[in-house]
Every structure is written in C-alpha cells, then in structure tokens.
Amino acid sequence: MKNALLFIFISLLFFTNANGQSSQTVRGQIVDKESQFPLIGVNVMVEGLSGLGSSSDLDGYFKIESVPLGRQTISISYLGYEEVVLSDIIVNAGKETILFVEMEESMVEISEVVITARRNGEVTNEMATVSAREFSVQETNRYAGSRGEPARMASNFAGVQGADDSRNDVVIRGNTPAGVLWRLDGVNIPNPNHFTIPGTGGGSVTILNNKFLKNSDFYTGAFPAEFANGIAGVFDLKMRNGNNEKHEFSGQLGFLGTELLAEGPLSKNSRSSYLATYRYSSLQLFTGLGIDVGTNAIPKYQDASFRINFPRKNGGNIALFGIGGISDIDILISTEEAPSEETLIYGSNDRDQFFGSHMYMVGLTYSQPLDADSYFKATIASSQSSVNAYHEYIDRSIVDGKFKLNNTEPILDYVFTENKHSAYFNYVRKINKQLSFKTGLNFDLLDVDYKDQGKTVSLSLTDPDFVEFSPWQTRWDAEDLIPQVQLFAQAKYRFSEKLSGTAGLSSFYFGINDKSISPVEPRLGLSYQVDENQKIGFGLGLHSQAQAPYLYYYGNETNSAGELITYNKDEIDLVKSFHSVLSYDRLLGSVSRLKAEVYYQYLYDLPVSASGSSFSLINSGAGFSRFFPEQLTTGGNARNYGVELTLERFFSGGYYFLVTGSLFDSKYRTLENVWRNTSFNGRYAVNGLIAKEWVFKKGSSLNLGTKITSVGGGWYGDIDTEKSQLQQDVIYIDETVNTKKFRPYFRSDVKLAYKINTKKITHEIAIDLVNVFDTQNILKKTYAPDHPEGPVVDEFQLGRLPLFYYRIDF
C-alpha cells in the first residue's frame with residue numbers, strides 16, 4: 001500500500017511539470033422547460049470572457065470551444081424567456097463539459113422584459129414552491145464526509161441528518177428514514193444501497209455512482225402531487241447521457257472501491273451515445289492498514305450502471321438504462337480467541353452471520369415534444385431486490401481468559417425477494433404564458449416472495465451453561481402479487497411576474513388489502529417574489545405511504561390446516577401525513593443567500609401495538625435489524641414541527657460555505673395515549689461547511705474543506721435486566737422507552753483534494769478524513785455478555801476513518 005501511494009505521489013509530481021492543456025469544449029442542449037421543445041437561436045456566453053459564446057441550432061444544441069479550464073459562469077438568454085445563469089461550472093482537461101438547460105417563458109411583454117436569473121440550488125420542477133433543492137454531482141464530491149453519495153450529501157441540508165455513521169439513512173424533520181421515496185427517471189425504485197435490510201431507507205454504501213447522475217432534485221416536505229408513497233422526502237434522480245461526440249474514460253482507485261467509466265458516441269450522425277460504469281470493492285485495504293470499520297469481517301460489493309441513448313427528431317428521445325449492485329459479508333465471532341472491549345456495529349455478540357443482498361433495475365423510456373407547447377414521457381421498467389441471511393448460534397465459554405467453542409447451532413435462515421414491474425406516463429401542456437399543467441400515471445406490480453424460519457434460543461438465569469433451542473419455526477411464508485397505482489394531476493398558474501400558485505391532486509392505491517387506498521390527496525403551493533432579492537413560499541399537502549410489504553406477512557402461529565396466520569395483513573392502513581411549510585428566501589448580494597422555513601407535520605393511521613405498548617413503526621427504518629411486529633392496529637399519531645435556517649455562499653472568489661441549523665420536536669402516540677419522543681427526535685442539528693480553493697498555473701488546483709456537525713443525542717430507556725439476559729438483546733422497560741437521552745453527537749470531517757490538468761487528461765488525488773478527532777459518539781445500547789463492562793454497554797459509532805482516492809479522466 002505504501003508503494004502504491006508513493007507511486008501515485010511521484011506520478012503527480014511528474015504530471016505537475018508536464019505541459020498542460022489550457023482549454024476545453026463546453027456544449028449542450030437548450031429546451032423549453034414545460035414542453036421540452038428545442039429552442040433555436042439561444043445566446044450562450046461565458047461571462048468575463050468577451051466574445052466567447054455560441055447560439056443554439058435547429059435542435060437546440062450549442063458548442064463553445066476553447067473555454068479556459070477552471071470554474072466558469074455561463075449565461076443563457078433568449079427573447080421572451082427568463083435568463084438562466086449557471087455559476088460554478090467546472091471545466092476540466094480530461095472531459096468535455098456538457099450541459100442540459102431548461103428555460104422558462106417570461107410573462108412580461110418583450111418591451112418590458114425584466115431578467116430573472118435562476119438561483120443556485122433551485123429545483124427544475126416548477127410545481128415545487130417550498131422544501132426543495134437541486135443538487136449537483138459536484139456537491140456530492142465537494143462536501144467533506146459525503147463520500148460521493150447523494151444521501152450523505154443531503155444530510156448537510158437544513159432539517160436533514162444521518163441516523164448512523166455506518167449507514168446512509170437520512171432522517172428528515174424527525175421522520176423515519178423508511179419514509180423517503182427514491183425515483184430514477186420518473187420510476188419508483190427499490191432501496192438503491194448495498195447491505196440493505198428490508199424496510200429500511202438506506203444501507204452501508206450506495207449503489208448510485210454519482211458519475212452517471214446529472215443534476216437532481218431533493219424534497220423534504222409538502223412535495224408536488226406527482227410524488228406518492230412517501231411521507232418524509234423524495235430523491236428525484238436523473239441519469240445523464242453519455243458524450244455523443246467523443247469517447248471519454250475515467251478510472252478511480254480508492255479505499256471504497258476501484259471504478260471504471262466509459263462513454264461516447266454510437267453514431268455521431270444520429271447523436272446516439274452510451275454510458276457505462278462499474279465498481280468493485282473489497283475493504284481488505286482497511287484491515288491491512290489497521291483501520292476500524294466496526295467489524296473484523298470484510299464487506300464485499302460491486303455495482304454497475306449503463307445508459308444507451310437514441311435522440312429522435314424534434315427533441316424526442318429513446319433511452320435504455322439500468323443500475324444494479326450485489327453485496328455480501330460474513331461476520332464471524334466463532335474465530336475470536338479472547339473477549340474484547342470492542343462492540344460490533346454490524347453484528348451480534350452471540351452468533352456467526354452470513355448476509356447477502358442485491359438490487360437491479362432496467363428501464364426503457366421514450367419522451368417526445370408533441371409541439372412547441374406539449375410533451376409526453378413514458379417509461380417501463382423491471383427491478384428486483386433480494387436479501388438473504390443465515391445465522392449460527394455460538395455456544396462458548398471462557399477458560400483461562402480464552403474462548404472455548406462448545407457448540408454451534410443454526411438458528412436463522414431467510415430469503416426475501418421483491419420483483420417489481422413498473423410503468424410510468426406523464427403529459428405536460430403549456431396553455432399559455434400563465435397556465436401549464438401536468439398529469440400522469442405511475443403503476444407498479446409487486447411480486448413478493450418471503451421465506452423465513454428461525455429457532456428460539458432459551459437461556460437460564462440461574463445456570464449460565466444452560467442453552468436450549470426450539471424446533472424450526474416458520475415466520476414468513478408468502479408469495480403474492482400486489483398492484484400499486486398512482487394517478488395525479490397538477491397545474492401552475494402565474495398570476496403575475498411575481499406571484500404564482502400550484503395546485504394538484506394525487507390518488508394512491510396499494511392493493512394488499514381493502515384499507516390501503518387514499519383516493520384524494522390535495523397539494524397546494526404559493527410563491528411570491530417580493531423583489532429581486534426576496535421570495536416567500538407556502539406549501540401544504542396530504543401524503544400517504546404503505547409500509548414495507550414484508551411487515552404485512554409476518555406470523556408466529558398457524559391455523560388447523562398448518563397455514564401461517566398473517567394477523568397484520570388486513571389490519572394495516574396507509575400512513576397519512578399532512579404537511580404545511582412557510583419559507584423565506586433572501587439573496588445577500590450576488591453570491592450569498594439566507595433561507596428560513598417553518599413547518600408542521602401531523603401523521604395519523606400509524607401502525608402501533610394493538611396491546612397498547614410503546615411500539616410504533618414510526619421508529620423503524622434504520623439499522624441492521626428487521627422488525628418482527630406483534631399484532632398491530634392503525635391507531636397511532638405523530639407530530640413534527642420546527643424551524644430551519646440556511647446561510648450559504650455559492651462558490652465564488654475561491655471559496656464557499658454552507659451553514660444550516662434546525663430546531664425541531666418529533667413525538668408519537670400509541671393506544672396508551674402518551675406522547676413519547678420518536679427515536680429520531682434529536683431536537684436540534686447544526687452543520688457548518690467551508691472550503692477554499694487555490695488555483696495554480698497550468699490548470700491545477702488545491703481544495704481544502706471541512707465540515708462540523710452537532711446533533712442532539714438519541715433516546716433509550718431503563719433496561720429490563722431479566723428479559724435482556726433471557727433474550728440476549730437489550731429490552732427496555734416499556735414505560736420508560738425513549739425517556740432518556742444520550743449525549744449529543746459531534747463530528748468533524750476534513751477533505752483535501754489536488755487536481756492537475758495535463759494535455760487531455762485530468763488527475764485528482766484526495767483524502768477525506770471522517771471524524772478527524774475520533775469522537776466517541778454513542779449509537780445505542782447493546783447486549784454484550786462477554787464485555788468486561790457487560791452485559792449491557794454503549795455501542796459507539798465509527799471512529800476516525802481516512803478515505804483516499806485517485807481519479808483520472810481522459
């Protein structure tokens with residue numbers, strides 16, 4: 001490893017002294033925002049460089065050659081349309097910069113045009129008035145500690161926080177991470193992460209390679225009517241096309257994987273293109289360097305993506321695309337020689353675990369402007385997600401300070417597979433400069449297959465050597481087809497150049513039982529541009545979501561015919577959520593802004609314990625464990641409210657910063673009619689990021705950034721010692737659940753990146769130090785009988801983690 005780092009360092013010294021390339025091509029396509037119809041004769045200029053520009057052709061394409069390397073600002077103007085200014089566009093030697101620009105028609109007459117530039121971070125979805133932000137691939141790379149992942153990047157935004165350093169689940173305004181909806185090119189997709197657990201919203205590592213994404217949108221509340229089956233937030237991801245004029249390649253070597261990317265034209269005449277990525281990772285590098293990743297096991301994963309694009313006449317397009325990933329890990333405690341003071345983040349302290357998961361999705365999409373004022377898009381897709389696990393109980397004793405293995409016993413064997421066949425259609429019509437509408441259908445057919453059996457392990461409070469196993473017990477045995485349908489219609493009306501409103505209706509049906517239907521979900525929004533620097537927004541809406549399908553099919557008893565009794569399948573309703581948000585956005589000069597939002601969210605029809613205990617599914621959605629629900633009823637409630645602030649300086653003058661803060665409260669209520677803290681009620685979250693870039697001659701640059709995060713601690717209760725010992729797990733006294741609070745979470749990350757542009761090649765070497773101060777943050781209580789301070793001890797988050805990568809583009 002040292003030799004490899006030395007080789008890269010020497011290579012970079014050589015490249016630094018090599019003849020550099022001073023410019024690159026910037027090109028792209030410009031279309032009408034509503035109809036997606038190509039715009040002809042649009043002026044495109046590079047600001048600050050007199051005379052360097054171009055105009056779009058009959059198909060909306062433009063091309064600017066000899067653009068200097070580095071960060072550039074591109075201004076795009078067209079008579080009768082609002083100007084678009086794209087700042088912080090990075091131009092590198094190794095790849096052409098390709099842009100896709102949507103322009104919105106101006107309401108004012110030509111003689112009184114007032115130019116309104118689109119601001120950094122504003123979403124492209126014109127139906128969103130609040131709680132929405134566009135993020136770029138640059139942001140997923142830029143933020144220290146983000147690891148190139150959309151979810152970890154989003155945890156820097158106001159109202160968003162991570163649930164666990166070892167995973168990328170996101171908690172939005174106190175909601176469960178399972179409430180987040182993932183979409184790719186309009187289609188709902190399974191959890192796009194490695195090492196996923198059924199019913200959770202994240203995983204250890206993303207399958208989504210940021211190099212195939214283009215600018216995408218992220219919503220944290222009161223989202224438009226086109227989104228259904230989500231109560232917390234939406235990642236609306238978009239896949240980019242490959243370069244249709246030039247073959248380009250990328251390679252990356254890092255602690256988290258070895259990556260390859262290829263893109264280029266299939267036919268330059270038709271502008272068809274391909275894009276493909278592949279990543280393979282085995283974290284043996286960590287163990288070789290003595291870095292703690294929470295387990296002695298070695299997680300292995302690989303993922304890939306592709307997109308083949310065929311442009312049609314008049315702005316039409318056909319694309320075949322797909323993503324997928326596979327992962328596995330064997331967590332073995334039977335090989336341990338002696339007790340340790342460490343606790344396992346990924347495993348349990350009484351068993352060997354063999355775990356695997358995979359996910360893939362392929363789709364075909366066709367989009368076509370029908371004329372200058374209308375547009376439609378249709379997509380069909382198929383996906384599969386699967387999780388399998390096998391556990392063996394380890395019966396061992398301690399002799400002379402060493403472990404003695406007495407016996408092993410299989411205690412768990414399960415495979416959960418979900419196939420989904422999807423169809424998506426939407427139609428957009430611009431009636432005039434003031435009114436536009438969008439309507440569509442989203443259909444999914446779920447084909448589920450859940451198989452699970454386990455054994456109960458019985459221990460004795462008086463005899464530490466006693467252990468007994470029950471016969472195999474089936475808990476899931478289901479094969480079923482579940483239709484899922486969403487219809488929506490939404491419209492935007494511009495009352496004036498300053499005031500606009502949106503209204504929409506969504507209808508959602510989940511065909512698992514007669515209760516899971518929400519026929520009318522209204523969504524409303526208003527946006528008022530007070531002046532050129534200030535904007536006020538308001539949004540409200542009713543949203544619904546089905547639970548993870550596997551939860552409906554659990555049972556621990558059989559009927560007289562030997563069939564499993566799934567007592568929750570016909571009892572669980574859709575969770576309903578009412579959102580209301582008020583926002584204020586103010587520009588502070590030309591490169592900074594202040595944004596504030598206040599919100600209130602009320603949730604009802606939450607699944608809770610029918611016996612009146614503290615259990616509620618609102619606390620699920622994160623971690624590495626499935627839920628084994630007792631009999632549930634939809635009689636629970638929850639409420640989230642808070643205030644959020646964002647102070648941001650866009651990248652200008654060689655630096656940027658982002659400071660976000662939120663104060664919030666998140667509580668839930670079960671049948672016992674007592675308001676409790678949800679497991680995600682941190683009450684406050686603060687993030688501060690800042691980065692400085694130094695630009696040198698020959699196109700090289702050095703970027704130093706840091707991030708500081710402070711979040712209120714998680715919740716726990718009083719330990720039921722006897723039950724915990726018998727079940728070999730932490731069991732709280734029910735009346736005290738979520739009444740005690742861990743100390744606050746604190747973490748600081750630092751990222752250093754050095755980029756070199758040589759002739760037609762860009763090199764970048766970076767190190768990202770996660771938790772640079774090695775702060776011991778408490779994750780939860782865990783049961784560890786062999787721990788010197790056991791049996792119940794604090795389980796800590798990941799410690800200091802240095803992440804290194806070297807990337808080359810050519």
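Summary table below
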quantity	calculated
Residues satisfying the stated conditions in the range 726-766, i.e. within 30 Å of S460 (Cα to Cα), at pLDDT 90 or above and among the charged types (D, E, K, R)	D734, E735, K740
Some residue of the range 393-400 being on the phi < 0 side of the Ramachandran plot and either at pLDDT 95 or above or of a type in the set (S, T, Y) (or both)	yes
Residue in the range 761-773 that is of a type outside the set (A, V, I, L, M), farther than 30 Å from A93 by Cβ and in contact with a Gly (Cβ under 7 Å, 6 or more places away or on another chain) present	yes
Among residues of the range 54-88, those that are on the phi < 0 side of the Ramachandran plot and either of a type outside the set (S, T, N, Q) or touching a His at 6+ places or on another chain (Cβ under 9 Å) (or both), counted	22
Filter result (without any contact (Cβ under 8 Å) to a residue 60 or more places away in the chain, farther than 25 Å from K759 by Cβ, of a type in the set (A, V, I, L, M) and in contact with a strand residue (DSSP E or B) (Cβ under 6 Å, 6 or more places away or on another chain)) within the range 20-72	V44, M45
Subset of the range 779-801 [open to solvent by less than 30 Å² (accessible area, probe 1.4 Å) and in a strand (DSSP E or B)]	T782, Y783, V793, E795, L801
Those residues of the range 51-81 which are assigned to a loop (DSSP other than H, G, I, E, B) and either open to solvent by 30 Å² or more (accessible area, probe 1.4 Å) or within 23 Å of V137 (Cα to Cα) (or both), in sequence order	G51, L52, D57, L58, D59, L69, Y78, L79
Checklist (1) under 13 Å from V101 (Cβ atoms); (2) of a type in the set (S, T, N, Q); (3) in contact with a Lys or Arg (Cβ under 7 Å, 6 or more places away or on another chain) applied to S35, failing item	(1)
Where A262 falls short, out of the listed (1) part of a loop (DSSP other than H, G, I, E, B); (2) open to solvent by 10 Å² or more (accessible area, probe 1.4 Å)	(1)
Strands (runs of 3 or more DSSP E) (entirely within the range 629-678) containing at least 2 residues that are over 26 Å from the mean Cα position of the chain (by Cα) and buried (at least 18 other Cβ atoms within 10 Å of the Cβ)	632-652
Strands (runs of 3 or more DSSP E) contained in the range 449-506 and holding at least 1 residues among the hydroxyl-bearing types (S, T, Y), under 30 Å from K433 (Cβ atoms) and touching a Gly at 6+ places or on another chain (Cβ under 9 Å)	473-494
The range 201-219, subset surrounded by fewer than 24 Cβ atoms within 10 Å (Cβ to Cβ) and in a loop (DSSP other than H, G, I, E, B), residue modelled with the lowest pLDDT	N209
Criterion (open to solvent by 10 Å² or more (accessible area, probe 1.4 Å), part of a loop (DSSP other than H, G, I, E, B) and either polar (S, T, N, Q) or without any contact (Cβ under 8 Å) to a residue 40 or more places away in the chain (or both)) met by exactly one of N175, N241	N241
Residues located in the range 695-754, provided they are of a type in the set (A, V, I, L, M, F, W, C), part of a loop (DSSP other than H, G, I, E, B) and either surrounded by fewer than 20 Cβ atoms within 10 Å (Cβ to Cβ) or out of contact with any Gly (no Cβ under 6 Å at 6 or more places or on another chain) (or both)	F696, V730, I731, I733, F742
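Every residue, every condition in (1) open to solvent by less than 50 Å² (accessible area, probe 1.4 Å); (2) closer than 30 Å to A372 by Cβ, yes or no:
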site	(1), (2)
K433	no, yes
F437	no, yes
N442	yes, yes
S460	yes, no
S470	yes, no
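The values are calculated or read from the model by the stated rules, or taken from the named source; none is laboratory data. These figures come from a predicted structure and were not determined experimentally. All Cβ positions, even for glycine, are placed from backbone atoms using ideal geometry, and neighbour counts span all protein chains on display. SASA here: full protein model, heavy atoms, side chains in, ligands and nucleic acids out. Shrake-Rupley method; radii C 1.70, N 1.55, O 1.52, S 1.80 Å.
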